[in-house]
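Trainee: If you scroll down you'll find the structure; I have some questions about it.
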Amino acid sequence: MDYYVFDMYNATIFPNDTVSKGAIDRDISLVPNDQAIVLCDTDERFEGAIADTSDSPVERLGRMDCDDGYLGLLSHYLPSTVEQYEPHLVIYNAGTDVLDGDPLGGLSLTPQGVLARDEIVFSSALDRLSKKDPIPILMVLSGGYQRANAEVISSSIENLGRKFEWFSHAASQ
């Protein structure tokens with residue numbers, strides 16, 4: 001069975017997990033840095049401009065708002081990865097441990113950032129750049145260790161329903 005793993009994660013959580021990292025095809029390792037996100041490889045940390053060369057072993061992300069940095073990277077890499085790989089199904093692990101204040105994730109996204117992240121992922125599968133047929137997507141929930149996470153997840157699902165008109169068709173029948 002063919003599969004492709006695209007992962008954006010906090011590289012400091014399990015820094016020596018080489019077995020799991022070996023299964024990732026598009027590895028976007030992030031290191032939180034004083035309320036900014038720095039993209040890194042396994043050996044070094046960088047700050048500077050985003051390198052616009054996806055072939056480069058190391059892309060760089062300068063200090064910026066966490067939502068902007070995270071969403072900018074996701075918007076840059078995910079749509080082109082979906083177009084290049086052309087999956088038949090997207091399984092989206094929609095963890096909310098990326099939220100600000102989470103004791104594990106440490107990436108400090110706002111609730112609005114999580115909603116935007118989910119829109120980017122769904123748009124990459126459903127509103128494809130090439131205008132080919134939409135790709136079915138399965139969203140699974142994981143991670144997130146704060147009381148507020150349930151509200152953010154609910155808001156995101158409602159937002160996706162409005163954006164992609166999931167509920168309007170059923171309501172009109």
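Trainee: Can you check what the net charge comes to around residue 99, using other residues whose Cβ is under 14 Å from the Cβ of residue 99 (Lys, Arg +1; Asp, Glu -1)?
Mentor: The answer is -4.
Trainee: Between residue 88 and residue 154, what is the FRET efficiency for a Förster distance of 22 Å, r being their Cβ-Cβ separation, to the nearest 0.05?
Mentor: The computed FRET efficiency comes out at 0.15.
Trainee: Still on this structure, please answer the following. From the protein chains alone at 1.4 Å, what is the descending order of accessible area for 139, 8, largest first? Before the final figure, lay out each step's value.
Mentor: Working: 139 45, 8 25 Å².
In descending accessible area the options line up as 139, 8.
Trainee: Counting other Cβ atoms within 10 Å, which trypsin sites (Lys or Arg not before Pro) in the stretch 60-164 have at most 11 and lie in a DSSP loop?
Mentor: 131, 132, 147
Trainee: Can you give the local net charge around residue 83? Use residues other than it whose beta-carbon is closer than 13 angstrom to its beta-carbon, Lys and Arg +1, Asp and Glu -1.
Mentor: Spelling it out: positives minus negatives among the neighbours equals +1.
Trainee: Continuing with this model, one more query. List the lysines whose Cα lies under 21 Å from the Cα of residue 163, skipping any in the same chain that are fewer than 8 positions away.
Mentor: 131, 132
Trainee: Could you tally the net charge around residue 155, taking each other residue with its Cβ under 11 Å from the Cβ of residue 155, Lys/Arg +1 and Asp/Glu -1?
Mentor: Counting the neighbours of residue 155, the net charge comes to -2.
The values are calculated or read from the model by the stated rules, or taken from the named source; none is laboratory data. These numbers come from a predicted model, not from an experiment. Here the Cβ is made from the backbone with ideal geometry for all residues, glycine too, and neighbour counts use every protein chain on show. Note: areas computed on protein heavy atoms with side chains; ligands, DNA, RNA excluded. Shrake-Rupley method; radii C 1.70, N 1.55, O 1.52, S 1.80 Å.
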